[in-house]
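Quick notes on the structure that follows.
The values are calculated or read from the model by the stated rules, or taken from the named source; none is laboratory data. A quick note: this is a predicted structure, and the numbers were derived from the prediction, not measured. Neighbour counts are summed over all protein chains in view; Cβ atoms, including those assigned to glycine, are modelled from backbone coordinates with ideal geometry. The area values use the complete protein model at the heavy-atom level, side chains included, leaving out ligands, DNA and RNA. Shrake-Rupley method; radii C 1.70, N 1.55, O 1.52, S 1.80 Å.
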Amino acid sequence: IWGGFILNLPLHEYRIFLFSVYPKNQLSWIPQIKPWVFNENRIMWFKSYSMTFACLNWMKIFRLPWTRPYSTSQTTVDTSEVRTFLALAHKWWDEQGVYAPLHSMNDLRVPFIRDNLLKTVADHQPGKPLSGMKILDVGCGGGLLTEPLGRLGASVVGIDPVDENIKTAQHHKSFDPVLDKRIEYRTCSLEEIVKDTVETFDAVVASEVVEHVIDLETFIQCCFQVLKPEGSLFITTINKTQLSYALGIVFSEQIAGIVPKGTHTWEKFVSPEKLESILESNGLSVQTVVGMLYNPFSGYWHWSENTSLNYAAHALKSSLQEHPAPAEFALKGETEELQAEASTNTGVQEELKK
């Protein structure tokens with residue numbers, strides 16, 4: 001039971017006291033509260049205070065009514081990232097603006113996607129080499145990569161959680177009647193469309209996206225599910241190195257202003273080794289990993305054997321491999337196999353006993 005009272009003091013020095021009453025031997029509070037004070041300008045401020053309390057063992061499991069237990073996120077979308085890109089939604093198609101490096105990156109990533117996809121088809125139409133293919137562009141932004149893929153003949157679905165980005169993308173594609181037919185944009189996250197698009201796409205593109213998601217494992221699992229057997233996953237991202245922090249954040253964001261401040265979080269960067277491990281453990285076989293370097297003075301990108309900054313990866317979904325089972329099912333299967341062998345193998349029986 002909480003209560004309080006205010007003493008009738010002069011306006012410049014109100015003192016607020018709190019008291020509490022609890023059943024004996026259950027909970028006791030000893031408040032030591034400093035006063036609220038008005039200064040000469042009659043602005044109230046709160047002096048620091050301390051409070052000591054004692055409680056019985058059962059209070060260890062007490063949970064305040066306004067707190068929630070921690071739970072795994074059900075989405076890969078980071079709301080703070082959404083706010084960052086929302087503020088820049090109108091700048092996507094300014095080739096000299098904050099997204100200039102992404103415009104220039106098309107010189108590398110578009111051929112990278114095109115050439116690797118063409119390895120999977122016997123023939124193609126001149127001028128429209130990706131005709132007949134369906135591609136999902138995850139985190140499409142304003143459509144900077146979606147449109148070039150559409151011009152190559154592919155049917156492209158671009159998704160982004162930022163509605164203003166999608167509006168910008170839709171407005172820009174409306175100027176080209178051909179693209180207007182080949183490209184579809186949706187405001188949503190990847191996991192929101194998984195159920196309705198299982199094994200739908202020949203390729204999934206996540207360019208400059210995985211360093212912004214909050215659950216990379218779930219993101220890759222969703223990519224696996226929407227890909228057709230033998231489908232391709234293309235990723236471009238930033239390595240997690242000291243060099244990437246120095247150049248990708250300190251220099252690019254804080255000094256040179258090449259990228260708006262707050263665009264990247266170094267802790268979310270992922271190394272090629274870790275990315276490959278996640279891909280392989282989720283049914284995707286890595287085919288290529290190659291470094292990418294950006295020259296801020298010329299404004300151009302070029303390929304490199306050095307992956308310490310940016311890199312591109314291409315992985316294939318096996319047509320034979322099932323999605324890896326959760327660990328508990330895998331262990332159960334192994335145990336059943338051992339038990340089957342145990343009937344004829346004394347050595348295995350000994351192992352099971354251990």
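In segment 83-110, the qualifying residues are those that are β-branched (Val, Ile, Thr) and modelled with pLDDT of 65 or more, and the one that is least open to solvent (accessible area, probe 1.4 Å) is VAL110.
Of all residues in segment 270-298, those that are more than 15 Å from GLN221 (Cα to Cα) have Cβ atoms under 9 Å from Cβ atoms of residues that are of a type in the set (Phe, Trp, Tyr) and assigned to a helix (DSSP H, G or I), 6 or more apart or on another chain, in THR288/PHE112; VAL290/PHE112; PRO296/PHE251. Somewhere in segment 286-297, is a residue modelled with pLDDT of 95 or more, open to solvent by 30 Å² or more (accessible area, probe 1.4 Å) and within 26 Å of GLN96 (Cα to Cα)? Within segment 286-297, one or more residues are modelled with pLDDT of 95 or more, open to solvent by 30 Å² or more (accessible area, probe 1.4 Å) and within 26 Å of GLN96 (Cα to Cα). For segment 256-273, how many residues meet the condition of being surrounded by fewer than 16 Cβ atoms within 10 Å (Cβ to Cβ) and in a loop (DSSP other than H, G, I, E, B)? Number of matching residues: 5. Determine whether MET105 is more than 26 Å from PRO296 (Cβ to Cβ) and in contact (Cβ under 8 Å) with a residue 60 or more places away in the chain. No, not satisfied. Could you check segment 111-143 and list, in sequence order, the residues that are open to solvent by 10 Å² or more (accessible area, probe 1.4 Å) and assigned to a helix (DSSP H, G or I)? Matches in segment 111-143: PRO111, PHE112, ARG114, ASP115, ASN116, LEU118. Close Cβ contacts (under 8 Å, 6 or more residues apart or on different chains) running from residues in segment 299-312 that are at negative phi to residues that are surrounded by fewer than 19 Cβ atoms within 10 Å (Cβ to Cβ) and assigned to a loop (DSSP other than H, G, I, E, B) comprise SER308/THR241; LEU309/THR241. Within segment 216-237, is there a residue that is without any contact (Cβ under 8 Å) to a residue 24 or more places away in the chain, polar (S, T, N, Q), open to solvent by 10 Å² or more (accessible area, probe 1.4 Å) and out of contact with any Phe, Trp or Tyr (no Cβ under 6 Å at 6 or more places or on another chain)? Checked segment 216-237: no residue is without any contact (Cβ under 8 Å) to a residue 24 or more places away in the chain, polar (S, T, N, Q), open to solvent by 10 Å² or more (accessible area, probe 1.4 Å) and out of contact with any Phe, Trp or Tyr (no Cβ under 6 Å at 6 or more places or on another chain).
At least 1 residues being within 21 Å of GLY97 (Cβ to Cβ) is the threshold, and among the helices (runs of 4 or more DSSP H) wholly inside segment 144-255 those reaching it are 146-151, 163-173.
When segment 171-185 is filtered for residues that are surrounded by 14 or more Cβ atoms within 10 Å (Cβ to Cβ) and touching a helix residue (DSSP H, G or I) at 6+ places or on another chain (Cβ under 9 Å), the ones remaining, listed by number, are HIS172, LYS173, ASP176, LEU179, ARG182, ILE183, TYR185. Candidates GLU305, GLU336, GLU276: the one that is at pLDDT below 90, open to solvent by 70 Å² or more (accessible area, probe 1.4 Å) and out of contact with any helix residue (DSSP H, G or I) (no Cβ under 9 Å at 6 or more places or on another chain) is GLU336. One residue stands out among those in segment 144-170 that are under 19 Å from the mean Cα position of the chain (by Cα) and charged (D, E, K, R): the one that is surrounded by the fewest Cβ atoms within 10 Å (Cβ to Cβ), which is ASP163. Against the conditions (1) at pLDDT 95 or above; (2) open to solvent by less than 100 Å² (accessible area, probe 1.4 Å), GLN321 satisfies every one except (1).
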